[in-house]
Amino acid sequence: MRRPVHIDALIGALAALFGAAGAALEGQGPAAWVAAAALGAALGLYRRHRHVAGALAVAGAAALVPSGDMAAAPAVLVCANAFAVGRWFGWSASAGAAAGLLAALFGAAIVARDPGSWLVPSILVVGTAWVAGRAIRERDLVALRLAERAEELEREREAFATLSVRYERARIASELHDIVAHAISVMVVQAGAGQRIAAADPELAGEMFDAIAGAARQAEQDMTQLVALLSDDEAIGQAPDLALVEELVARAAGTGLDVTLRLEGSREGLPASAVQTVYRVVRESLTNALRYASGAPVHVLVRGGAAAIDVEVVNDAAADAEALAGHGTGNGLRGLRERVGAAGGRLEAGPRESGGWRVAAWIPCAVAVAVEDGG
């Protein structure tokens, strides 16, 4: 925080009074009083008018040389001014000139008062004062740079925290979408069919309502697991395998969806993270098939390998596909593409030339990590 102007004025006035009084008490003449007062007044100007202060200090020291009136008080003030020059001047020609002139004039005044005095020690006294002021200036500059860096780091930390919160919100929203969208799609399709056949076939309507209840229970279990994982860092779920995909397809078939599953390749030793991504690809694809291709056959292919897992979900065109065109928001596929990309894989989704829709994903079993060659 910058020091108030009146504090600097008070310092200059007290130093000027000290210099004039000291010169008077030592029997110096009026010229020495004025010169010593000028040296003292300069100390109150360095913070805001350092060049004026330096010039005033040099003029005061120069006035003491001809008469050799370098008493104790003026000598202290010359050293104090040398300290102030080091403290408030940077590395510049004016700083060097002010410090050099103060040292030379101080030495000359000392020699003029006592011709037997040594010039070099006198100059070193002023030089030492300047070095002390310079050291404090460097320390303050380092402290200022550290404070600025700390503020910058704090701003970066806040920005990172904000970004992390946004990322977590997006991740939670994606998780909720995956869980809720599938369950709601099943319930909507089954409820609509149940309403149409409730009077004609009560037994079949009961099966549909059982499917609705099952979808709701599954969503509740998934939501409970999600909440547990979000609230407890140490909570871990069951390691997934391709049996989860089989169960998912079986539940979808139980709702009346015409879906078939074909598993090829290796099923053992697949990483849990890759299998979890496969599960989400299949679930999102089946959810979209329930929504936008109800009644159309759906074919699911999962091919496991040592390097990667290939997933393909294809559904034929629904009878009312044109009426449903453009009704999707695209949020599910967008989130799914981001999830597959985060796993190091690729996702393709789009209409087929023969009608219907195709979702294909390539999910690596291990993400390659670049290792810097030490050679």
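Test of understanding: what is the full-extension gain from residue 135 to residue 334, defined as 0.36 nm times their sequence separation minus their Cα-Cα distance?
Details: separation 199, 0.36 × 199 = 71.64 nm, distance 5.95 nm.
Length gained between residue 135 and residue 334: 65.7 nm.
Can you list residues whose amide H is under 5 Å from residue 309's amide H, if they're 5+ apart or on another chain and H is modeled 1.01 Å from N?
Amide H neighbours of residue 309: 363, 365.
Would you kindly state how much longer the chain becomes between residue 352 and residue 262 on full extension, computed as 0.36 nm times their sequence separation minus their alpha carbon distance, in nm to one decimal? Don't skip to the end; give the middle numbers.
Values: separation 90, 0.36 × 90 = 32.40 nm, distance 1.99 nm.
Residue separation times 0.36 nm, minus the Cα-Cα distance, leaves 30.4 nm.
Given labels modelled 7 Å from the Cα in the Cβ direction, how far is it in nm from residue 142 to residue 21?
3.8
5 Å is the cut-off here: which amide hydrogens, built 1.01 Å from N in the peptide plane, fall below it relative to residue 44, excluding neighbours closer than 5 in sequence?
12
Take the alpha carbon gyration tensor of the stretch 269-313, find the square roots of its eigenvalues, order them as a ≥ b ≥ c, and report rounded if a/c is under 1.5; if not, report prolate when a/b exceeds b/c, else oblate.
Numbers: a/c = 4.51, a/b = 2.22, b/c = 2.03.
Prolate, since a/c reaches 1.5 and a/b exceeds b/c.
From largest accessible area down, sort 316, 8; use a 1.4 Å probe on the protein chains. Mind showing how you got there, number by number?
On the way: 316 55, 8 10 Å².
Descending accessible area places them as 316, 8.
In whole Hz and in residue order, list the ³J(HN,Hα) couplings for the stretch 137-146 that follow from phi through the Karplus curve 6.51 cos²θ - 1.76 cosθ + 1.60, θ = phi - 60°; x for Gly and Pro.
4, 4, 4, 5, 5, 5, 4, 5, 5, 5
Quickly rank 16-25, 72-81, 344-353 as a protection proxy: mean count of other C-beta atoms within 10 Å, highest first. If you can, show how the numbers build up before the last one.
Details: 16-25: 20.2, 72-81: 23.6, 344-353: 14.5.
So the peptides 16-25, 72-81, 344-353, ranked by packing, come out 72-81, 16-25, 344-353.
The values are calculated or read from the model by the stated rules, or taken from the named source; none is laboratory data. Everything numeric in this text was worked out from a predicted model, so none of it was measured. When we count neighbours, we look across all protein chains shown, and the Cβ atoms used for this are built from the backbone with ideal geometry, even at glycine. Surface accessibility is based on the protein's heavy atoms, side chains included, excluding ligands, DNA and RNA. Shrake-Rupley method; radii C 1.70, N 1.55, O 1.52, S 1.80 Å.
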